[in-house]
1. Please go through the residue pairs Lys47/Lys67; Lys52/Lys77; Lys23/Lys47; Lys23/Lys56; Lys47/Lys77; Lys30/Lys66 and name each one whose alpha carbons sit more than 20 Å apart in this structure.
2. For helix 66-85, what angle does its Cα long axis make with the longest principal axis of the chain, in degrees from 0 to 90 and rounded to 10?
3. Between beta-carbons, use under 12 Å as the cut-off and find the net charge around Thr22, counting Lys and Arg +1, Asp and Glu -1.
4. Using unit Cβ charges (K, R positive; D, E negative) and no other charged atoms, how large, in debye to the nearest 20, is the dipole of the chain about its Cα centre?
5. Once amide H atoms are built 1.01 Å from N in the peptide plane, which residues 5 or more positions from Thr65, or in another chain, come under 5 Å H to H?
6. What are the radius of gyration and Dmax of the range 6-85, computed over its Cα atoms and given in Å?
7. At Ser2 and Ser43, where each label point lies 7 Å from the Cα along Cα→Cβ, what is the point-to-point distance in nanometres?
8. Given the rule -39500 (n - 2.57) for each run of at least 4 DSSP H residues, summed and divided by the residues of the chain, what is its mean residue ellipticity at 222 nm, to the nearest 500 deg cm²/dmol?
Amino acid sequence: MSRRSRLEIQFEILDVIERGVTKPTQIMYKTNLSWNVLQDTLSTLIKSGFLKEEPKGKSKRLQVTKKGRNALSYHTKSLDGLIISNK
């Protein structure tokens, strides 16, 4: 099993949130990350403008921003290009 790069983890988090998983604990389980790594990565993505926090009662929900959707879209297209060119 190979380790994921920091960039791969960031895109996986964006993808999971874009698919509707918005609670931090659920994101942690879906991405198979430790709580500390998830919190560090979420903080980076929020500071960079790829994610935003939305308060919901006493908790928070995460949303992918337009900048995050654009980055995720470019990333997905680049992966599709790599897969097609390997055939």
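1. Numbers: Lys47/Lys67 12 Å; Lys52/Lys77 23 Å; Lys23/Lys47 18 Å; Lys23/Lys56 10 Å; Lys47/Lys77 25 Å; Lys30/Lys66 22 Å.
Distance filter (> 20 Å) returns Lys52/Lys77; Lys47/Lys77; Lys30/Lys66.
2. The angle comes out at about 30 degrees.
3. Numbers: positive: Arg19, Lys23, Lys30, Lys52, Lys56, Lys60, Arg61; negative: Glu18, Glu53, Glu54.
Charge balance in the 12 Å sphere: +4.
4. Numbers: 17 positive and 8 negative charges, 45 e Å.
Value, rounded to 20: 220 debye.
5. Amide H neighbours of Thr65, under 5 Å, 5+ apart: Leu51, Lys52.
6. When restricted to the Cα atoms of the range 6-85, Rg and Dmax are 12.8, 48 Å.
7. Simple spin-label model gives 2.9 nm for this pair.
8. On the way: 4 runs with 54 residues, N = 87.
My calculation for the chain gives -20000 deg cm²/dmol from helical runs alone.
A short reminder: the numbers here are calculations on the coordinates, not readings from a lab. All figures in this text were calculated on a predicted structure; none of them were measured in a lab. When we count neighbours, we look across all protein chains shown, and the Cβ atoms used for this are built from the backbone with ideal geometry, even at glycine.
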